[in-house]
Amino acid sequence: MIEKIDEAIRQLLQNARSIVIVSHIRPDADAVGSLLGLGLPLLAAGKQVQLVLQDGLPERYAFLPGADKVARAVQSGFDTLITVDCSDLKRTGTVLADLRAPDLNIDHHATNLFFGAINLVEPEASATAYVLSRHLPDWGLPVSAESAQCLLAGILGDTIGFRTSATDSQTLRAAAALMDKGADLPMVYRQTLLSRSIPELRYWGQGLIKIQHEGALLWSALTLDDRIKAGYPENDDADLINLLSSVSGLRVVVLFIEQAPDRVKVSWRSAEGIDVSGLAFEFGGGGHAAAAGADVGGSLDEVVEKVLTKTKQLLANS
Ligand code: AMP
Ligand code: MN
Ligand code: MN
């Protein structure tokens, strides 16, 4: 089965001349690492490649090879369209709005909608970058030191430094193989997971003073005003959710990030035994059992109310 898909992908890429690769809005390390980790070997194979992120490349990933090649929009004239780390087409934002369905959908979300002509979706995989690191050689694309650096960033990001429940021995082997190809683990780890800016800390501060909890459920919110006050330039949570998840004894953490007066990004994290991906899917989003998200319409107060009600029901039933 996998071999057949690999053959189909190998042919698709071999015949491609001008390729567009797109990943998701509010890009994380796996989105960026997969985009560049696939894009660089295709460029090295002589293809024309557009690397597209609607929200652009966050400054924290500027250290990655090929970061300067990322654009915010698709230029016409391509023949092959690929998405990475996207469980549905909405995740790409509006950059593909008028375009056809992708030729290839490479992902690791259990909630993936199989929207591509070819779908390489491995829900057990710790990261899309891990999927790529395993399959690139089968597609005739050698992994260079530069590509390895990007793929390792993706794996480290999604496993939060090899500590999520999706981190298996295969992931560690894949990371070791990427190091053998030239990836610099300590440097990528520091840049991807440890390095913080002062605006990020101020933004965290806004979220930290607002934490609330009820039993094993903890939640907080970041408003547009918090973002402006902190001088935080991105539209994500600056990883605050991971800090909140470090509180012991919790079963579910929810973070609300206001995106517009009528739209809120919701992030869930859960302890072993509680699957929040179905809940995120109900709200139009998706993700994994232990980490999921959704973009929900409504004011911050409305969304907090709706989402907490459903989340408490899930907790009561698990
Ligand atoms: P986040 O809370 O944004 O860190 O995302 C946690 C997980 O849920 C990641 O695997 C995301 O790809 C996924 N996810 C987040 N937001 C959405 C969304 N709006 N639609 C589908 N999946 C999402
Ligand atoms: Mn991602
Ligand atoms: Mn991912």
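The values are calculated or read from the model by the stated rules, or taken from the named source; none is laboratory data. Since we're looking at a predicted model, the values are computed, not measured. Cβ atoms come from the backbone with ideal geometry, glycine included; neighbour counts cover every protein chain shown. Accessible surface is based on the protein model in full, side chains and every heavy atom, while ligands, DNA and RNA are left aside. Shrake-Rupley method; radii C 1.70, N 1.55, O 1.52, S 1.80 Å.
So how do K47, K4, K210, K69 rank on accessible area, 1.4 Å probe, biggest first, that is with the largest at the start?
Descending accessible area places them as K4, K69, K210, K47.
Go through K47/K265; K69/K90; K69/K210 and tell me which ones have a Cα-Cα distance over 30 Å in this structure.
Pairs exceeding the cut-off: K47/K265; K69/K210.
Can you tally the net charge around I118? Count Lys and Arg as +1, Asp and Glu as -1, for every other residue whose Cβ sits under 14 Å from the Cβ of I118.
-4
How much accessible area per residue does the chain have, in Å², with a 1.4 Å probe?
Heavy-atom accessible area per residue stands at 43 Å².
Given Cα pairs under 8 Å that are at least 6 residues apart, what percent is the relative contact order of the chain?
Reported relative contact order: 13 percent.
So in the chain, what percent of DSSP beta bridges are antiparallel if you round to the nearest 5?
45
Just the projected area, averaged over all directions, of the convex hull on the alpha carbon atoms of the chain: how many nm²?
15.4
Please report, as a whole percent, how much of the solvent-accessible surface of the chain comes from carbon and sulfur atoms (probe radius 1.4 Å).
Roughly 52 percent of what the probe reaches on the chain is carbon or sulfur.
Average projected area of the Cα convex hull of the range 198-317, in nm²?
Here the figure is 6.7 nm², rounded to one decimal.
Work out from phi, with θ = phi - 60° and the Karplus expression 6.51 cos²θ - 1.76 cosθ + 1.60, the ³J(HN,Hα) of each residue of the range 185-192, listed in order in whole Hz, and give x for Gly and Pro.
4, x, 5, 5, 4, 4, 5, 7
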